[in-house]
Amino acid sequence: NGVAQGRGIKCSLCTKALKKIQALAGDNPDKEAVAAALQKGCRVLSRAMGRLCKWLVKKYHDQITNGLQNGDMPRDICSAMGICRS
């Protein structure tokens, strides 16, 4: 059905965006490193993805920051935000 399909696409976009952000933030990032990576991460994505990325970052800023600081996998962070099915 369409909803699961849409969610699958959102899930892979979320995971992709967070992988990029995680790579930019580096290992063991502090809040500043994460904030900088969130800014930069969305910019390097395609326009359509960049829009979704900016929305994710705004809406789930604290969850993404905490997840990255905990060293969680991008997929797990997206699941915690309810975008991917765990």
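Helix 61-70 axis versus longest C-alpha principal axis of the chain: approximately 60°, rounded to the nearest ten. Taking the 1.4 Å solvent-accessible surface of the chain as the whole, the part contributed by carbon and sulfur is 51%. Each residue was assigned an accessible area with a 1.4 Å probe, and for SER86 the value is about 140 Å². Computed from Cα atoms, the angle from the helix 31-43 axis to the main principal axis of the chain rounds to 50 degrees.
The values are calculated or read from the model by the stated rules, or taken from the named source; none is laboratory data. Note that this is a predicted model, so its numbers are computed, not measured. The protein model used for the area step is the full one, side chains on, heavy atoms only, and it has no ligands, DNA or RNA in it. Shrake-Rupley method; radii C 1.70, N 1.55, O 1.52, S 1.80 Å.
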